[in-house]
Amino acid sequence: MSKVLLVHAKGGPPLGHVLSRTAARAEVHLLALSALPPVVADSARRLCASVVTPSDAQRSDLVTLISSRARAVGADAVLTFSEYAVVAVAEACEALGLAGAGGAAALARDKRLMRRTWREHGLSQPEFRSVATEADLHEAAGVLSFPLLLKAAWSAGSTAHQIIRSPQELSGAWWRSREVMAESAQLGYAELHVAESQGHFVVEEIVTGTASEWFEEPGWGDYVSVEGVVADGIFHPVCLSGRMPTVEPFTERAGITPALLSQDAQDRVVELARRAVDALGLRDCGTHTEIKLGADGSMWLIETAARFGGAMTVPQIEDVFGLDLVGMLVDQLLGRPVRWPAQALTPAQARGAAGSLVVLAVDGDGEAWHERKIWDFPVVAKKVPLSRGSELSVVAESSLPDGQVVPVYDPAGGANTMAALCLLSATDARTVLRDFETLVDALPLVLPVAQPEEVSA
């Protein structure tokens with residue numbers, strides 16, 4: 001039986017989903033760079049031939065650690081679904097002579113390199129500058145047009161994103177972003193391979209998006225993602241996912257599969273994603289490309305990742321289109337034949353729809369809740385009226401246990417301040433969108449109020 005070394009770190013699809021699909025295709029050896037979610041620990045021991053948690057000293061050279069462990073277990077493939085381990089795993093695969101994202105993986109991770117590469121290929125994206133110091137930021141602001149968006153070059157989940165509206169806000173934004181990146185590292189949400197990554201940033205102009213010219217009904221966000229894969233260097237788009245509007249600055253609230261674009265619009269979006277992925281020169285990996293939608297058919301690239309989309313994107317695709325992307329990628333890396341979609345799947349080919357909602361302590365207008373609340377999913381499931389046929393569940397490994405206080409939303413912290421992740425399946429994407437709007441409005445009304453002693457604890 002083929003053997004796979006799975007490198008686990010924060011982020012990506014739920015580990016429980018990944019483990020079960022990988023174990024169905026090969027003998028799994030788990031290298032845990034982050035603590036296993038408690039709800040997955042038992043199944044990990046049952047599904048894996050070995051589970052190893054390296055010491056801090058061993059983590060100092062991740063490529064050597066991963067390569068050594070792969071040799072020790074006789075791995076035929078090494079993979080990760082975490083943004084923070086993508087580069088280290090790609091370099092280890094190169095050293096081992098195994099299939100992987102390839103030597104260009106860093107181009108799909110470091111936003112500075114990514115944007116430079118796209119600029120060289122003439123691809124549409126916001127004007128930007130790389131910044132490593134506060135002086136760099138002030139210099140960039142002198143040539144770019146306000147408002148600006150400051151991004152950590154190696155972050156994920158909108159962590160350390162800040163909107164800068166005037167020159168007077170530059171210094172404060174710089175120090176706050178650096179502070180947030182340090183805090184994220186303590187929580188395990190930081191690049192694991194590049195030690196100096198916390199000091200790398202990009203600042204870019206904010207382009208004006210519009211959803212109304214792309215979607216027939218209101219409520220959709222002004223960007224989509226193209227989910228896909230690169231197999232033997234060839235990009236295969238799988239499908240598109242839509243969004244609800246983000247929470248300021250640009251924190252994602254919900255992803256919905258499929259995105260309800262017309263065929264012509266989907267074709268144009270996919271073509272831009274193809275050019276973006278091709279420019280990066282990836283070899284064998286999942287891809288997740290986000291694209292901003294503008295007026296008169298304009299589009300701008302946001303980013304591409306050399307891995308599948310996080311949160312519940314992968315389970316949503318399996319639910320809606322019947323594709324086990326995890327298992328298919330395992331087969332690809334093991335050299336087995338895989339039938340990737342000939343072209344991006346459309347809403348007409350979907351079996352219903354599915355979406356994932358990030359629970360943040362903000363209402364539908366992005367305003368903070370007036371009271372601190374206790375997370376209680378059974379209360380939500382009982383009291384929030386959803387559409388006929390809709391089914392709501394909570395992703396336990398990505399959520400607070402019932403009874404804990406919902407964090408105050410921190411715009412600079414992004415998804416770091418989420419309370420829970422919910423999954424909803426419904427008859428169609430419009431219903432998912434409407435039900436999510438209902439949920440967002442209802443949460444501050446139905447969740448129990450936190451008492452002062454609970455908040456202080």
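In this structure, Arg115 does satisfy being in contact (Cβ under 8 Å) with a residue 60 or more places away in the chain, more than 20 Å from Ala412 (Cα to Cα) and of a type in the set (Lys, Arg). Consider Ala153 against the criteria (1) surrounded by fewer than 20 Cβ atoms within 10 Å (Cβ to Cβ); (2) under 30 Å from His17 (Cα atoms); (3) touching a His at 6+ places or on another chain (Cβ under 8 Å): it satisfies all of them except one. Which criterion is unmet? Here Ala153 clears every test but (1).
Testing Ser356 on (1) hydroxyl-bearing (Ser, Thr, Tyr); (2) within 22 Å of the chain's Cα centre (by Cα); (3) surrounded by fewer than 19 Cβ atoms within 10 Å (Cβ to Cβ), one condition comes back false. Which one is that? Failing condition for Ser356: (3).
Restricting the search to region 93-125, which residues are hydrophobic (A, V, I, L, M, F, W, C) and not in a loop (DSSP other than H, G, I, E, B)?
Cys93, Ala95, Leu96, Ala105, Ala106, Leu107, Ala108, Leu113, Met114, Trp118
Summed over region 91-136, the residues that are small (Gly, Ala, Ser) and within 23 Å of Gly199 (Cα to Cα) give a count of 8. Counting the residues of region 193-211 that are within 16 Å of Ala88 (Cβ to Cβ) and aliphatic (A, V, I, L, M) gives 2.
Listed by first and then second residue, the pairs with beta-carbon distance under 6 Å, at least 6 apart or on different chains, first residue in region 262-279 and closer than 10 Å to Met299 by Cβ, second hydroxyl-bearing (Ser, Thr, Tyr), are Ala273/Thr289. When restricted to residues that are modelled with pLDDT of 95 or more, touching a helix residue (DSSP H, G or I) at 6+ places or on another chain (Cβ under 7 Å) and outside any helix (DSSP H, G or I), region 151-171 contains 1. Filtering region 313-348 to residues that are among the β-branched types (Val, Ile, Thr) and part of a loop (DSSP other than H, G, I, E, B) leaves Val338, Thr346.
State yes or no: is Pro147 surrounded by fewer than 21 Cβ atoms within 10 Å (Cβ to Cβ) and touching a strand residue (DSSP E or B) at 6+ places or on another chain (Cβ under 6 Å)? So Pro147 fits the description; yes. A residue that is farther than 28 Å from Asn416 by Cα and either assigned to a helix (DSSP H, G or I) or without any contact (Cβ under 8 Å) to a residue 12 or more places away in the chain (or both) can be found somewhere in region 297-312. Would you tally the residues in region 93-122 being more than 22 Å from the chain's Cα centre (by Cα) and more than 17 Å from Ser2 (Cβ to Cβ)? Selection size over region 93-122: 6. Where strands (runs of 3 or more DSSP E) fall wholly inside region 1-92, the ranges with 3 or more residues that are within 24 Å of the chain's Cα centre (by Cα) and touching a residue at least 40 places away in the same chain (Cβ under 8 Å) are 3-8, 77-80. Considering Glu252, Glu248, Glu205, Glu217, the condition of being surrounded by fewer than 20 Cβ atoms within 10 Å (Cβ to Cβ), under 20 Å from the mean Cα position of the chain (by Cα), of a type outside the set (S, T, N, Q) and within 23 Å of Gly366 (Cα to Cα) is satisfied by Glu248 alone. Taken over region 277-299, the criterion of being surrounded by fewer than 20 Cβ atoms within 10 Å (Cβ to Cβ) and not acidic (Asp, Glu) is satisfied by Gly281, Gly294, Ala295, Gly297, Ser298.
Being crowded, with 16+ Cβ neighbours inside 10 Å and touching a residue at least 40 places away in the same chain (Cβ under 8 Å) narrows it down to one residue among Lys383, Lys373; which is it? Before you say what the answer is, go through the steps one by one.
Values: Lys383 fails: crowded, with 16+ Cβ neighbours inside 10 Å.
It is Lys373.
Answer yes if at least one residue in region 416-430 is without any contact (Cβ under 8 Å) to a residue 60 or more places away in the chain and polar (S, T, N, Q), and no otherwise. Scanning region 416-430 turns up at least one residue that is without any contact (Cβ under 8 Å) to a residue 60 or more places away in the chain and polar (S, T, N, Q).
Test Gly242 against the stated conditions and say whether it is in contact with a Phe, Trp or Tyr (Cβ under 6 Å, 6 or more places away or on another chain), of a type outside the set (A, V, I, L, M) and closer than 29 Å to Val440 by Cβ.
Numbers: in contact with a Phe, Trp or Tyr (Cβ under 6 Å, 6 or more places away or on another chain): yes; of a type outside the set (A, V, I, L, M): yes; closer than 29 Å to Val440 by Cβ: yes.
So Gly242 passes the test.
On inspection, Glu83 does not qualify as out of contact with any Pro (no Cβ under 9 Å at 6 or more places or on another chain) and modelled with pLDDT of 95 or more.
Is it fair to say Ala44 is aliphatic (A, V, I, L, M), surrounded by fewer than 16 Cβ atoms within 10 Å (Cβ to Cβ), farther than 19 Å from Leu329 by Cα and outside the structural domain of Glu191 (by TED's automatic domain parsing)? Steps first, please.
Working: aliphatic (A, V, I, L, M): yes; surrounded by fewer than 16 Cβ atoms within 10 Å (Cβ to Cβ): no; farther than 19 Å from Leu329 by Cα: yes; outside the structural domain of Glu191 (by TED's automatic domain parsing): yes.
No.
Please work out if Gly103 is at pLDDT 95 or above and of a type in the set (Gly, Ala, Ser). It would help to see each step written out before you state the result.
Details: at pLDDT 95 or above: no; of a type in the set (Gly, Ala, Ser): yes.
No, not satisfied.
Checked against the criterion of being of a type in the set (S, T, N, Q), part of a loop (DSSP other than H, G, I, E, B) and modelled with pLDDT of 80 or more, region 176-197 has no qualifying residue. Does at least one position in region 51-73 carry a residue that is closer than 24 Å to Arg274 by Cα, in the same structural domain as Ala9 (by TED's automatic domain parsing) and either in contact with a strand residue (DSSP E or B) (Cβ under 9 Å, 6 or more places away or on another chain) or surrounded by 23 or more Cβ atoms within 10 Å (Cβ to Cβ) (or both)? Scanning region 51-73 turns up no residue that is closer than 24 Å to Arg274 by Cα, in the same structural domain as Ala9 (by TED's automatic domain parsing) and either in contact with a strand residue (DSSP E or B) (Cβ under 9 Å, 6 or more places away or on another chain) or surrounded by 23 or more Cβ atoms within 10 Å (Cβ to Cβ) (or both).
The values are calculated or read from the model by the stated rules, or taken from the named source; none is laboratory data. Small disclaimer: the values here were computed from a predicted structure and weren't measured. Heads up, the Cβs are rebuilt from the backbone with ideal geometry, glycines too, and the neighbour counts pull from every protein chain shown.
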